[in-house]
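Undergrad: I am attaching a structure below and will ask some questions about it afterwards.
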Amino acid sequence: MAEDDDIILSELNDEELVAQMMDDLYDGLKDEIEEGVNLLLERGWTPYDVLTKALVAGMTIVGHDFRDGILFVPEVLLAANAMKAGMSILKPLLAETGAPRMGKMVIGTVKGDIHDIGKNLVGMMMEGAGFEVVDLGINNPVEKYLDTAVAEGADIIGMSALLTTTMPYMKVVIDTLKERGMREEYIILVGGAPLNEEFGRAIGADAYCRDAAVAVETAKALVARKHNQGAARA
Ligand code: B1M
């Protein structure tokens, strides 16, 4: 956009910069998003605040306009790419907390679903909280979750779904674990915009996580409980 060329991000105050970053995310302007993220970090913002107050908040606006038919897939893809570019700057910073190793999580988006921004965010936050994260990417069949969880000796299996048509696949994974007598070996966390607590309970997950911060807190609590139960049995 011509007027945007005239905007010098570094001259904006924090509030204006965040508002401009939301516009830039909406317009899929990757370079501007990277610059904005770096500026906020230089100004002393925490990586978590940059993530939630600028990037996630901006993506929420994109989501609403996608839902309302104002934006279409190509524009949303550009926005997603800009978001990912910002997230990749924050990722090492979020992981740098030096927190003790908490446990290992295998996480992926379920079969038929290619949305990965939320899943990536959860992975980043979990790493930042001291968990080891094995990211399976998108479109994962049941075998991928199970084989990797076994091979990696994971404590947690995390599943993400953004479509009402793909969220039932989470139950396929949980039912397969049950059939193979492996259900109790893993903490199962599920998340994604169309899910809710009732759905999480109905499919037999250990918890539904509304967002990445809740995923971290839930994982910490459930891993601690699992370890305590193990210690009590020993
Ligand atoms: Co899609 N899409 N999309 N899309 N897309 C939604 C999900 C939709 C709600 C938009 C809408 O209509 N309002 C809608 C689903 C409707 C429904 O099922 N009821 C939709 C649709 C229809 C589609 C297509 C079918 C469109 C089409 O082709 N006609 C298609 C499906 C392709 C497929 O998967 N097979 C499609 C495609 C795409 C893009 C490729 C363009 C792009 C994805 C790019 C990418 O991910 N690399 C895209 C996007 C970006 C969206 C929206 C706009 C944004 C999703 C997002 O990244 N949000 C989305 C609208 C919306 O959600 N409001 C939409 C930001 C992210 C930080 O939030 O993912 O919710 P979220 O993650 C949160 C929590 O949910 C939670 O923590 C995260 C961080 O706080 N969480 C977990 C998520 N996973 C977790 C896992 C856990 C724990 C917590 O495990 C432990």
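All of the numbers you see were taken from the coordinates with simple rules; none came from a lab. Note that the structure is a prediction, hence the values are computed from the model and not measured. Cβ atoms come from the backbone with ideal geometry, glycine included; neighbour counts cover every protein chain shown.
Undergrad: Output the 0 to 90 degree angle, nearest 10, between the alpha-carbon long axis of helix 142-152 and the longest principal axis computed from the alpha carbons of the chain.
TA: The helix 142-152 is inclined about 80 degrees to the chain.
Undergrad: Also: Using the 10 angstrom Cβ neighbour count as an exposure proxy, how do TYR26, TYR186, TYR145 rank, fewest first?
TA: Ascending number of Cβ neighbours within 10 Å: TYR26, TYR186, TYR145.
Undergrad: Could you count how many Lys pairs in the chain have their Cα atoms under 15 Å apart, skipping same-chain pairs fewer than 8 positions apart?
TA: Taking the chain as the scope, the lysine pair count is 9.
Undergrad: With no solvent and one equal point scatterer placed on each C-alpha of the range 9-100, evaluate the Debye formula and give log10 I(q)/I(0) for q = 0.24, 0.25 Å⁻¹, two decimals.
TA: Debye output, listed in q order: -1.15, -1.22.
Undergrad: For Cα pairs less than 8 Å apart in space and 6+ apart in sequence, what is the mean separation divided by the residue count of the range 130-194, i.e. the relative contact order in percent?
TA: 40
Undergrad: Based on the alpha-carbon gyration tensor of the range 149-228 and its eigenvalue square roots a ≥ b ≥ c, which shape applies: rounded if a/c is under 1.5, prolate if not and a/b is larger than b/c, or oblate? Show your work: numbers first, answer last.
TA: On the way: a/c = 1.85, a/b = 1.16, b/c = 1.60.
Oblate is the answer for the range 149-228, as a/c is 1.5 or above yet b/c matches or exceeds a/b.
Undergrad: Could you grab the relative contact order for the range 101-234? Cα pairs under 8 Å, six or more apart, rounded to a whole percent.
TA: Reported as a whole number, the value is 26 percent.
Undergrad: Using 10 Å bins from zero, what percent of all Cα-Cα pairs in the chain falls into each bin?
TA: Binned Cα distances yield the sequence 8, 31, 32, 20, 8, 2, 0.
Undergrad: Next question. Rank these for me by crowding, SER88, SER160, going from fewest to most other beta carbons within 10 Å.
TA: Exposure proxy ranking, most exposed first: SER88, SER160.
Undergrad: How far, in degrees from 0 to 90, does helix 73-95 lean away from the longest principal axis of the Cα atoms of the chain, to the nearest 10?
TA: Helix 73-95 sits roughly 70 degrees off the main axis of the chain.
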